[in-house]
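Derivation of every value follows stated rules applied to the coordinates shown; laboratory data play no part. The model shown is predicted, which means the values in this text are computed figures rather than measured ones. Because the Cβ atoms are built from the backbone with ideal geometry, glycine has one as well, and the counts that use them run over all protein chains shown.
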Amino acid sequence: MPASRTRRIAEACPQSPARRTGKLLDQTTSKPTGSGRPRGPANLLFCRFLDGHIKSGALEAVFADGSRAQFGAPGSNSLDIAIRLTDSGVARSILLDPALGAAEAFMDGRLVIERGDVMGLVDLFARNAPWEAGASYNRPSPLRKLGNRIAFHGEQLNNAVRSRANVAHHYDIGNALYRLMLDPEHMQYSCGYWPREGMTLGEAQEAKLAHIAAKLALEPGQRVLDIGCGWGGMAIFLAQRAGVHVTGITLSREQAALARERVTAAGVEDKVSIELIDYRDHADQGHKYDRIVSVGMFEHVGQQQFETFFRCTGKLLDTDGVMLVHTIGRMGGPGSTDAFTRKYIFPGGYIPALSETVAASEKCRLIATDVETWRLHYAHTLRAWYERCEEHRDAIIGMYDERFYRMWTFYLAGAAAAFESGAMCNYQIQYARHRHALPYARDYMGEAEKRLHREA
């Protein structure tokens, strides 16, 4: 691995004391011996925290002194998880900030999962605090919450320089990881579409591409802009199936390089070009497009840049143009990004509520012509990615290290739980600049979707 990439990974995933000594904490060592009730104020408060949250399913906690406690009750169809805390500081860290504290303890090998896995552990907590019931297990202490909100608002400036750095943090850690995790057919790092049971990850991603293409109401020869084009999967699909000309833009050097390779391999280099450029700079160059598509990019725009995004896309869109924005969204009102995600996964990122997304677009005189909410599709996708990471565990650890693998799987598990029990969903919002740009009825979407599948 190049030294520069190694540095980026190290910065994204700071080393634990165990790593600094050159030793990996072993998560497979035997349980400590001992009995009795947990002792110490932090452990007692931690037990009270668990007792208040675990009602369905079962969790066994073993403390550093050998004491143990059981929470909830196992059932035939419920989760049964056992964890071990290797030192007295783990309970305190989790109490201060549950998601970040648990994540870092797990990453450092100080919270060991001895029965079950991290997906099950996160799922257990999430199921006991469903969003629909107004519950939450992930509330930091008041002081920590204040600090998180101050840091969050500072990070939301997201100018062009900061945006490029934020994208590099997540997407320039190496294409090899994403090749192992994503579907090999289209390399889609966004929510798949699962309209029927028994679909493979590749089939779900192709269904998503066809679903989006149908909403764009494409005609051969049209000019399409793909904002946040990733590894070129959408651009290649549209060029092959719809006969359009696509310009894909990204801020990730790693993505752009591989996307160009994939475009050439697909034989569509005459229809697809990939550019390394910020959407704001692209808008300033005077380009015009018949269609714009953006999948999984709006989450990186930053709360303070929503109006800028829609002002720029409105500028890029022809008078009779159509745009489709596919984004993760919040059910309910605006919020803030949790500390773990900001620190390790998506610095500068923000999941928008539908209300603030539409409010920003309305100021730019864009008409929201169609809105679709996907509730559980991303949960299916994330579990598929998690399974692929488990299949390639040794390869991923070989590319990075075990701490990175734990961080990555915690991220996938937490994200899946957020869609299954938390406040996350996906929104697909279709926009037009003119009220006559699209047919009056939605029938054309289904007809186009069937046609695109037949052309496979």
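Observations on the model:
- Of Lys55/Lys343; Lys363/Lys450; Lys215/Lys343; Lys208/Lys271; Lys288/Lys343; Lys215/Lys315, those spanning more than 29 Å from alpha-carbon to alpha-carbon: Lys55/Lys343; Lys363/Lys450; Lys215/Lys343; Lys288/Lys343
- Spatial offset of the stretch 313-342 relative to the stretch 57-73 amounts to 42 Å, using the alpha carbon center of each.
- Rg/Rh (Cα only; Kirkwood hydrodynamic radius) as it applies to the stretch 31-139: 0.93
- Each peptide among 279-289, 318-328 gets the average number of other Cβ atoms lying within 10 Å of its residues, and from highest to lowest they stand as 318-328, 279-289.
- Normalised by residue number, the volume inside the convex hull of the Cα atoms of the stretch 364-424 is 128 Å³ per residue.
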